[in-house]
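Remarks on the structure that follows.
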Amino acid sequence: MKKRFDLEDLDCANCAAKMEAAINKLEGVNKATVSFINQKFTIDAEDDRFDEIIDLCQKEMNKVEPDCRILR
Amino acid sequence: MTKKQKRNLRAIIIAGVLFIGLAIFEFYCKHNEISLNRFVMLAVFLVPYLIVGYPVLRKALNGIKNKAVLDESFLMTIATIGAFYTGENLEACAVMLFYQIGEFFQSYAVGKSRKSIKELMDIAPDTAFIESDGEEPEEVFPDEINIGDIVVVKPGEKVPVDGEIISGSGMINTSNLTGESVPRRVNPGDKIISGCINGDSLIRYKAEKIYEDSTVAKILELVENASEKKSKTENFITRFARVYTPIVVILAVLLAVIPSIIFRNPSLWVYRACTFLVISCPCALVISVPLSFFGGIGAASKKGVLVKGSNYLELLAQIDTLVCDKTGTITEGNFKVTDVRVEEDFTREECIALSYEVEKMSTHPIAMSIKQEAERLKALDNDHNKNKIFTKYEDNYIIENISGKGVIGTSENRIIYVGNIKLMEENGIKITELYEDKKSAICFVGVKENNSSSARLAGIIYISDIIKEDAKSSISDIRACGVKNIIILTGDTKSVGEQVAFETGVDRVHSELLPQDKVLEVEKILEERGDKNGCVAFIGDGINDAPVLSRADVGIAMGSMGSDAAIEAADVVILDDRLSHIPEVIKIARKTVNISKQNIVFAIAVKVITLILGALGIANIWAAVFADVGVAVICILNSMRMLRIKKNI
């Protein structure tokens, strides 16, 4: 399933790049992009674990930027 | 401004005022040689430092917790702590303050450009009106409209979904989508595309697509997705950023440790190492490069050109060979009567009227163009004289199609022959000196009235596909953009192809090609040029040239407003059918690539120079702060120039 989310308080471009790299390493994620300019997070991940994967993504993001939130 | 930005700004102002006060105080004490306790001063300076630096420190702690020690906040914290350690309280505080000011500007500038791009793409209406059981139209969100709903669009409002007009006719403005400023006239029965702005009259239409499948949603999705397909430059920057920070940090550590052991004055070398840490973030590059591509894509879409990815924008800037399909791209794609020559006792109208009688039931392109011409002539005339001409030949004709030759219509009064030279010869019609081989389709019209003994020539109708008005000027503009080879591919005959090539000024033409031959032709062109720099673009109208579109380095589809297949297959989509968009988008692409190159060279140069000067002790922490955030802000401002060219290219 592919879905796009808005992001809140994503403040630095390099952080977005780091998040993207970290999330793409997660199991079950086929492809993810974190766009700093759009403040958007696009993810293509396994259907049956989708929500769980999004939670994991949120955790990865907060490792880089504590304030950044996926708006769902 | 977001909440977070406001909070940061407040912290910056409070800390800034405190900082200036402290700086003056320290300067005053130094001047009057009042000695101050070092620890008291440290404690005092920590106040503004903590106020402004709290988010950074928090993020640094977060980084430590997650073992991400190369996090820029962490490095910034180390740098400032190092400065405090060496007794440079003022500088430590200033670094944090200016770092935060820079961050604030970055986030503000990026937010601003994000907003202006959003405005650029403000083509979808927020609400729509549909007819319901009640008397007043019901207000709904565009995505609530179902297929078959009757949508009401008031003057000045945006069309929410694609559909077909039931009632109301007027001018609609498509400039939002296509950049074309001349409004288009629509009448009941015409298709209407979402995103257009209704002119001066109320239009009712039947929704044919839901919002998600409508043109406007497709365009928005395309533009939003475009930044996901990264350009080579962006990928280079991401890779560069990954190695840049670790290298600078290692250098900083070495700089702090080795000379300290040799020269035994650690605080000097720790201070110099701190300048390194301040410059260690590659942020300027990581933001500004995608931002300029994003701006370029936004500027192009404002012109009615959708670029499906940053990578394609980059390729557009390198085009040196443009391969064009002829029909629908260089020419309008519909045949028109371009000339009528008649024998002395016939008028042009009579000649058209004769052929009209036998062709009016046919759907062949030639027949269509004759019908069109007949209708045009009828409409032109107000005193009905010409309509008399048209009624003169009205009769019950028995139509006989002679494959590959033409049509014969037989009635009680006469026989009409419309077709090629073979048809005329077979029926004993003499071709007079009227005939001249022109590079277009030729249609002979012969007639045999019952009272005459033989059939004779009435006239000759020349029909050709008209070259687009802007074709010639666009081709020369494209050439002026540095595209060296322009090649036309066509399924038409050699003479037609060469004529078009001559009139538009292209270099080469390959004619008599079947659709599959076009792919081979493009492959040949790709092969011929080998590994040279630059790339080959193909431009077609998207109808049955999907394989060619995907084979070329960049596939450009034009005239595709409302055509899903073309939008799907191409890399670059031109919504209307004006060729003049090509030079426009090439210019936008070149400018984008130039701006991102400027940013890369500028940012890397400033950083490397500052690193060298910092190691030698010539550049201090202040210079390092400029090299970090100052450069980022300058690069962002430079990228934002992309947004301003929406009007003047």
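Computed from phi, the 3J(HN,Hα) profile of region B:590-607 under the Karplus parametrisation 6.51, -1.76, 1.60 (θ = phi - 60°) reads 4, 5, 4, 5, 4, 4, 5, 5, 4, 4, 5, 4, 4, 5, 5, 4, 4, 5 Hz, with x in place of Gly and Pro. Taking the charge dipole of region B:323-533 about its Cα centre, with +1 at Lys and Arg Cβ atoms and -1 at Asp and Glu Cβ atoms, the residue from B:Ser454, B:Tyr393, B:Ala379 reaching farthest to the positive side is B:Ala379. Note that region B:142-150 has calculated 3J(HN,Hα) couplings of x, 7, 9, 6, 9, 4, x, 5, 8 Hz, one per residue in order, obtained from phi through the Karplus relation 6.51 cos²θ - 1.76 cosθ + 1.60 (θ = phi - 60°); glycine and proline are x.
Neighbour counts of other Cβ atoms within 10 Å put B:His31, B:His510, B:His364, B:His581 in the fewest-to-most order B:His31, B:His364, B:His510, B:His581. In whole angstrom, note down how far apart the Cα centers of region B:17-48 and region B:267-300 are. The distance from the Cα centre of region B:17-48 to that of region B:267-300 comes to 32 Å.
When only alpha carbons of region B:323-533 are considered, Rg and Dmax amount to 20.7, 72 Å. The gain in end-to-end length when the B:Ser550 to B:Arg376 segment is fully stretched comes to 58.6 nm, 0.36 nm per residue minus the alpha carbon separation.
Annotation: Cα Rg of region B:177-227 relative to the compact-globule expectation 2.2 N^0.38 Å equals 1.31. Straight-line cross-link partners of B:Lys587 among the lysines, defined as a Cα under 16 Å from its Cα and at least 8 positions apart when in the same chain: B:Lys302, B:Lys303, B:Lys484, B:Lys597, B:Lys646, B:Lys647. Computed from backbone phi with θ = phi - 60° and the Karplus coefficients 6.51, -1.76 and 1.60, the 3J(HN,Hα) list for region B:626-640 is 4, 4, 8, 7, x, 4, 4, 5, 4, 5, 5, 4, 4, 5, 5 Hz; x is used for glycine and proline.
The separation of region B:394-472 from region B:345-363, counted between C-alpha centres, amounts to 9 Å. Among the GluC sites (Glu not before Pro) in chain A, those located in a DSSP loop and surrounded by at most 12 other Cβ atoms within 10 Å of their own Cβ are A:Glu27. The orientation-averaged projected area of the convex hull spanned by the Cα atoms of region A:2-71 comes to 3.8 nm². Shielding by partners for peptide B:465-474, expressed as the average number of C-beta atoms from other protein chains within 10 Å of each residue's C-beta, is 0. Toward the positive end of the charge dipole of the protein assembly as shown, with +1 on the Cβ of Lys and Arg and -1 on the Cβ of Asp and Glu, the farthest Cα among B:Val216, A:Gln58, B:Leu202 is that of A:Gln58. Neighbouring Cβ atoms from other chains, within 10 Å of the Cβ of residues in A:13-25, number 5 on average. Bridgeable aspartates and glutamates around B:Lys65 (alpha carbons under 13 Å apart, same-chain partners fewer than 8 residues away excluded): A:Glu60, A:Glu65.
In region B:323-533, the DSSP beta bridges split such that about 85 percent are antiparallel, to the nearest 5.
Among B:Trp269, B:Trp622, the order by Cβ neighbours within 10 angstrom, fewest to most, reads B:Trp622, B:Trp269. Remark: mean inter-chain Cβ contacts per residue of A:62-70 equal 4, using a 10 Å Cβ-Cβ cutoff to other protein chain atoms.
Angle of helix B:515-529 to the longest C-alpha principal axis of chain B, folded into 0 to 90 degrees and rounded to 10: 40°.
Between B:Arg641 and A:Arg69, the simple spin-label model (points 7 angstrom out along Cα→Cβ) gives 3.9 nm. Between B:Glu344 and B:Ser403, what is the FRET efficiency for a Förster distance of 56 Å, r being their Cβ-Cβ separation, to the nearest 0.05? The formula returns an efficiency of 0.95 here. Spatial offset of region B:210-233 relative to region B:518-551 amounts to 24 Å, using the alpha carbon center of each.
Based on the Kirkwood radius over alpha-carbon pairs, what is the Stokes-Einstein translational diffusion coefficient of chain B at 4 °C with 1.567 mPa s viscosity, in µm²/s? This corresponds to a translational diffusion coefficient of 43 µm²/s. Report, in listed order, any pair from A:Lys31/B:Lys308; B:Lys158/B:Lys209; A:Lys2/B:Lys59; B:Lys4/B:Lys59; A:Lys3/B:Lys308; B:Lys6/B:Lys115 with a Cα-Cα distance greater than 21 Å. As for pairs spanning more than 21 Å Cα to Cα, those are A:Lys2/B:Lys59. Evaluated over the Cα positions of region B:142-262, the convex hull gives a direction-averaged projected area, one quarter of its surface, of 11.9 nm². Dipole check for the protein assembly as shown: with +1 at the C-beta of Lys and Arg, -1 at the C-beta of Asp and Glu, and the Cα centre as origin, the magnitude is about 3960 Debye. Here the calculated FRET efficiency for B:Val243 and A:Asn62, from their Cβ-Cβ distance with R0 = 30 Å, stands at 0.75, rounded to the nearest 0.05. Straight-line cross-link reach from B:Lys378 at under 27 Å between alpha-carbon atoms covers these lysines, not counting any fewer than eight positions away in the same chain: B:Lys191, B:Lys336, B:Lys360, B:Lys386, B:Lys388, B:Lys392, B:Lys438, B:Lys448, B:Lys468. Computed over the alpha-carbon atoms, region B:263-351 gives an Rg to Rh ratio of 1.56, Rh here being the Kirkwood radius from the mean inverse distance. Helical content of chain B, expressed as a calculated mean residue ellipticity at 222 nm, amounts to -17000 deg cm²/dmol (DSSP H runs of 4 or more residues, -39,500 (n - 2.57) each, divided by residue number, nearest 500). In plain terms, chain B is cut at each of the trypsin sites (Lys or Arg not before Pro) found in a DSSP loop with at most 12 other Cβ atoms within 10 Å, and the longest leftover piece is B:68-263. Panel order for B:Met96, B:Met424, by other beta carbons found within 10 Å of each beta carbon, from fewest to most: B:Met424, B:Met96.
Taking only the C-alpha atoms of the protein assembly as shown, the Rg (one decimal) and the largest Cα-Cα distance, Dmax (whole number), read 34.8, 129 Å. Shown is the FRET efficiency for A:Asp48 and B:Arg10, computed with R0 = 45 Å from the Cβ-Cβ distance and rounded to the nearest 0.05: 0.45.
Candidates B:Val140, B:Asn8, B:Ser175 compared by Cα position along the dipole of chain B: farthest toward the positive end lies B:Asn8, with charges placed on Cβ.
We did not get these values from a lab; they are worked out from the coordinates using the rules stated. None of the values given here were measured: they were computed from a predicted structure. With ideal geometry, Cβ positions are generated from the backbone for all residues, glycine too; neighbour counts draw on all protein chains shown.
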